Amino acid sequence: VCSGSNFEVIVTVSMSGGRGATKLEVRGALRPLGPDSAGRGSAVHRWTRKLPLGRRRCVHGWRFIPVGAGSRSAFAPWTATQVEVEVMLEEFTSHVDGTQAHGRQRITFFGPLIHCDAVSSEVGSATAGGATSSAVADILLARPSQDCLGVLECELARVEELLEMEPECRWALLARGRLATAVAACSGSGAMDSAEKAVIKGYEKIAELDAPRQGFYAEARAASLARLRLRAWLQQVEGGRGLGTHLDFSGLSGLRHIAPTMACAVFGVRSLDVSGCDLRSFGLLLQLHTLEEFSAASNHISGDLREVFVLPRLKRANLRGNLLGFRLGDGGAHAPGSLEELEASENGAIIAALNEQGVEAILQLLCSVYTTSQGGLAVEADPAGSTFIVRRRSAHIARAV
């Protein structure tokens, strides 16, 4: 599904107040969320030629920008309870015989609003209204009907009997975990947690029995643990603690990427730790525009260090121990004005570029000439110790320490 770089839409906001529920239409534009890899504004993470602004392109998410006086006030967290967005998309695919297929699809979103600029108490009061958000509902899975529940329980009992006879049957172990998770969806989050933990143990057992596929089972196990932690975080957010609650995904060995559904569920998070995983790229994490503190140390992330600069609110980032460097090309993103500290030590390509080009040249890659002239950022570097840290200082130009 793709469309142009931006297009106008009308958002319907459901309002609640002393006079009852009302609806308000707000006109605005949808623009790509995260880095536009084919756009003209940035050469970061771009493998192909630049595309014209009107050229259709595929993106994972969009952000809505209200247009017109007073339009932003409609989204105040203490008045807006639900938001409805309707968009027409063009779909390009192919038939079975290979011929091109083109069509249009109408997509509608209806759900609660995440106010990214609100303080934690305001977010908590806005989201904790007794109803479960769409994100939590997706993570907790849908509740099966009574008829389906009876079938699931019967199948689960049969699998348990099979495991008594063949305790090392990996397919039965896998089926038991998934069936138990579906059955537990009728019993609340406590039963879901127990079921997910059983699935994790099952994957560990299966990995021992099927050694050639250990990587697959390790990734599945990490994804199960991530869902557990995400569920707990969402419940804390909706319980009143707000989006400032720290989200910890660290130590999930085998987690190579963040699934789109997971990135959608955590949108609004301000502090995220994915250190010690096996991430290969930033991926959909760059769509989390509300991130202020971001730790992704000790992964296998490759690409350009400046990719994280698309996060407009970023204050502190720890990217130590990855495979990051600086890609050649024009238009590299510059550090946001909110950046206070960037830890990028133990990245071989960065240290090599530092030795070859020097501190001043590297600083010019990280920030604009205007920012440098104001003494905004300073680089603390020790090539011998593989140290590279960028800090914001009020009265210093970059110097090597």
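The values are calculated or read from the model by the stated rules, or taken from the named source; none is laboratory data. Because the structure is a prediction, the values reported are computed rather than measured. Every residue, glycine among them, receives a Cβ derived from its backbone with ideal geometry; neighbour counts consider all protein chains shown. Just the protein is used for accessible areas: all its heavy atoms, side chains included, with ligands, DNA and RNA removed. Shrake-Rupley method; radii C 1.70, N 1.55, O 1.52, S 1.80 Å.
Quick notes
- Verdict on Leu225 being at pLDDT below 85 and within 30 Å of Phe294 (Cα to Cα): yes
- Residue within the stretch 237-253 that is touching a Lys or Arg at 6+ places or on another chain (Cβ under 7 Å) and under 22 Å from Ala220 (Cα atoms) present: yes
- Condition met for Phe249 (at pLDDT 90 or above and of a type in the set (Phe, Trp, Tyr)): yes
- Filter result for Cys148 (at pLDDT 75 or above, more than 30 Å from Gln214 (Cα to Cα) and in contact with a helix residue (DSSP H, G or I) (Cβ under 9 Å, 6 or more places away or on another chain)): yes
Quick grid of which residues meet (1) among the basic types (Lys, Arg); (2) touching a residue at least 12 places away in the same chain (Cβ under 8 Å); (3) farther than 22 Å from Val199 by Cα; (4) open to solvent by 10 Å² or more (accessible area, probe 1.4 Å):
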| position | (1), (2), (3), (4) |
| --- | --- |
| Gly242 | no, yes, yes, no |
| Ser253 | no, yes, no, yes |
| Cys264 | no, yes, yes, yes |
| Arg270 | yes, yes, yes, yes |
| Cys277 | no, yes, no, no |
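- Only one of Val183, Val96, Val159 that is at pLDDT 60 or above, open to solvent by 50 Å² or more (accessible area, probe 1.4 Å) and more than 30 Å from Val83 (Cα to Cα): Val96
- Of all residues in the stretch 281-311, those being open to solvent by 30 Å² or more (accessible area, probe 1.4 Å), under 21 Å from Ala353 (Cα atoms) and either modelled with pLDDT under 90 or in a loop (DSSP other than H, G, I, E, B) (or both) number 3.
- Single condition Pro260 does not satisfy, out of (1) touching a residue at least 40 places away in the same chain (Cβ under 8 Å); (2) more than 13 Å from the chain's Cα centre (by Cα); (3) surrounded by fewer than 22 Cβ atoms within 10 Å (Cβ to Cβ): (2)
- When we screen Gly276, Gly332, Gly268 for residues that are within 20 Å of Val379 (Cβ to Cβ) and either at pLDDT below 90 or assigned to a loop (DSSP other than H, G, I, E, B) (or both), the only hit is Gly332.
- Residue match in the stretch 347-355 (condition: free of Cβ contacts under 8 Å to residues at least 24 places away in the same chain, buried (at least 18 other Cβ atoms within 10 Å of the Cβ) and either farther than 30 Å from Arg241 by Cα or of a type outside the set (A, V, I, L, M, F, W, C) (or both)): no
- Only listed residue being at negative phi and of a type outside the set (Phe, Trp, Tyr), chosen from Gly321, Gly303, Gly337, Gly358: Gly337
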